[in-house]
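The structure appears below as structure tokens.
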Amino acid sequence: MSTANKSIVQRALGGLVATGDVDALAAFLSDDFVHHRTDSTTSTRAEWLAAVGAALGPTTGMRVEILHLLADGDHVVVHSRRRLPDPGPEIVVVDILRIADGLIAEAWEIIEPVAQASANMTWWESTHH
């Protein structure tokens with residue numbers, strides 16, 4: 001199951017990364033797809049596809065490099081680096097995708113701007129003083 005699910009995600013992201021066309025991604029999302037952000041907000045399938053189109057569409061020039069693609073049961077983890085055209089910011093993203101019935105049913109996304117990485121390593125220091 002893990003290998004098949006990894007293949008689903010590879011195909012879904014491959015089309016999106018290559019063309020910036022969200023229709024390539026949309027074909028792999030279930031109708032009741034839910035996207036979760038770290039602040040506990042969620043997006044529907046339509047809302048998330050619109051956001052992805054705005055962020056990764058062909059006119060933004062964003063470059064996406066997939067660094068790791070790991071699968072375990074019905075979950076696939078994608079670790080990627082994304083950069084807007086110079087001098088745009090660079091971010092690192094971890095997406096956790098749940099696959100059900102051959103489609104991406106749910107996703108969780110964690111985004112960290114590369115420039116803030118060192119500051120984020122010390123978030124706990126203020127609680128120990």
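Quick notes on this structure:
- Over all Cα atoms in the stretch 57-129, the spread is summed up by Rg and Dmax: 15.6, 50 Å.
- Axis of helix 2-19 versus longest Cα principal axis of the chain: the two differ by about 80°, to the nearest ten degrees.
- Charge context of Val34, other residues only, Cβ under 13 angstrom, K/R +1, D/E -1: -2
- Residue among Ala55, Ala119, Ala24 with the largest mean-square fluctuation in a Gaussian network model of the chain, springs linking Cα atoms under 10 Å: Ala119
- The angle between the Cα long axis of helix 45-56 and the longest principal axis of the Cα atoms of the chain comes to about 60 degrees, rounded to the nearest 10.
- Taking one quarter of the surface of the convex hull spanned by the alpha-carbon atoms of the chain gives a direction-averaged projected area of 8.9 nm².
- With helices as the sole contributors, the chain gives -9000 deg cm²/dmol at 222 nm; each DSSP H run of n ≥ 4 counts as -39500 (n - 2.57), and the sum is divided by every residue.
- Whether the stretch 14-61 is rounded, prolate or oblate, judged on the alpha carbon gyration tensor where a/c under 1.5 counts as rounded: oblate
- Excluding exposed DSSP-loop chymotrypsin sites (Phe, Trp or Tyr not before Pro) (at most 13 other C-beta within 10 Å), longest clean stretch of the chain: 1-122
Only the coordinates and a few stated rules stand behind these numbers; no lab work does. Quick caveat: nothing in here was measured; it's all calculated off a predicted structure. For neighbour counting, all protein chains shown are included, and Cβ atoms are generated from backbone atoms with ideal geometry for every residue, glycine included.
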